[in-house]
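Since the structure comes first, as C-alpha cells, the remarks are kept for the end.
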C-alpha cells in the first residue's frame, strides 16, 4: 500500500500490548476512517518462529489501512527476517519499539526502552528493518531512561539513530521511563511530562518528523498540540477506554471531513458481523465472545445504562456463544437515545496543557558529529 495513499498521521492510536489487537482495530476503523492505527508490539522472534501461523499474528482486514506494525527485538537477524515476512502483509509503516518499560519487554533481551541507551544498535536495527521493507520506518521512544534523562542525551539518541539509518519519523512519549521499582502503569503516571523536550526537538531537528505522545486525552487537546506545531499526535488509553468520544471526532475535527452521522447502533451492527465471523478461527475456541467484546467495554463510557450493561455483559459471557446473542441479551440496558444518537460535540480539553512550554525550552542541541561513528 504505502503511506502516501492516506492522509498524514495527524492522529494515531498508540500501540498497546494486549489492547490494540485485531478486534480493537476493527472497532476503531468502524468509528474513524482516517486515524492511523498501530498494532500491538510483536516480538521479532514471534514472527520468525511462527512462520507457519503468521496470519494469526499479522493478518488484518484491508479496511484497517492506514496501519502501522510495531515490532520489538534486539537481534538484528531476527529483525531482518521478521520485517521481510511482515512486508508481505502490506503494512503502511514499520515502527520499532524503543519505549516500552514493561518488565516483559525492557527486562528481556534488552527490548523496549532499554534500547535508548544504545543508539548505535538502534541505528543498525533501523537500517536492517528499512532494508527489508518498501514502506517508511519509525521509532517510538521515551524522552529518557532513569538518570539518562537530559535533553542533550535525548538529542544524541535522535541524531545518532537518524544519522545511521533512514529513520525520519520519531514518536516521542514525553515522559522518561524508570526501569526499577515501578510498574508500567506507574511509568505512565509518575515520571513528569516534559512537553518542552518534544517542542525543542521540532526546533533542533527541522528535517525530521515528530509525533507527540503522552497525557493528551481528547480531540480538543489534540488540536491544541497541532496548533502549537506538533507534526502529529498519538493517543493511547483514552482512545481505548472511551473510543466513541475520542475516535468519533477524529475525521471531522482533525481531518476536516463532513460529519458522518454514524450511530453506536450502526457500529455495533457492523461489529457483530465481524465478531461472529471470527469466533473460533484460531482454534481451541479462540477468539471467544469475551475476547471480541473486550474493546467494547468502554463504548458506553459515562452514558446512561453503562453500569447495568457491564453487569449484564459479565453474566452473558458465561453462556453466550455468538456476538448476536450477546448483544440481544445485553443491549436492552442501553437506552435507544444512546444507541441511535450520532456523535455529539467534542468535549472541552485543558487549554493550559502547553502553557509554559515555550518558557521551558532547553538550550539548542549542539551536534557532536564525531560521536556518531563511535556511539
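Distance between Cα centroids, segment 198-225 to segment 25-60: provide it in whole Å.
25 Å
Sorted by packing (mean other beta-carbon atoms within 10 Å per residue), highest first, where do 269-278, 79-88 land?
79-88, 269-278
Classify segment 21-66 as rounded, prolate or oblate from the Cα gyration tensor: take a ≥ b ≥ c as the square roots of its eigenvalues, call it rounded if a/c is under 1.5, otherwise prolate when a/b beats b/c and oblate if not.
Judged from the Cα gyration tensor, segment 21-66 comes out prolate (a/c at least 1.5, a/b above b/c).
Taking just the alpha carbons, could you work out the radius of gyration and Dmax for segment 129-177, both in angstroms?
Final numbers for Rg and Dmax: 11.9, 37 Å.
For segment 264-339, just the Cα atoms, rotate onto the principal axes and tell me the three extents in Å, largest first.
37, 24, 18
Semi-axes of the equivalent ellipsoid of segment 130-243: what are they in whole Å, largest first, if each equals the square root of 5 times a C-alpha gyration tensor eigenvalue?
After diagonalising the Cα gyration tensor, the semi-axes are 22, 19, 15 Å.
Mind putting together the pair-distance distribution for the chain? All Cα pairs, 10 Å bins, whole percent per bin, short to long.
5, 23, 32, 26, 11, 3, 0
Hey, what did segment 3-260 get for relative contact order, percent, Cα under 8 Å, at least 6 apart?
Rounded, it is 19 percent for segment 3-260.
Rg and Dmax in Å for segment 1-48, alpha carbons only: what are they?
Cα radius of gyration and Dmax of segment 1-48 are 12.0, 33 Å respectively.
Read the figures in this text as sums done on the coordinates, not as results from a lab. These numbers come from a predicted model, not from an experiment. Backbone-built Cβ (ideal geometry, glycine too); neighbour counts: all protein chains shown.
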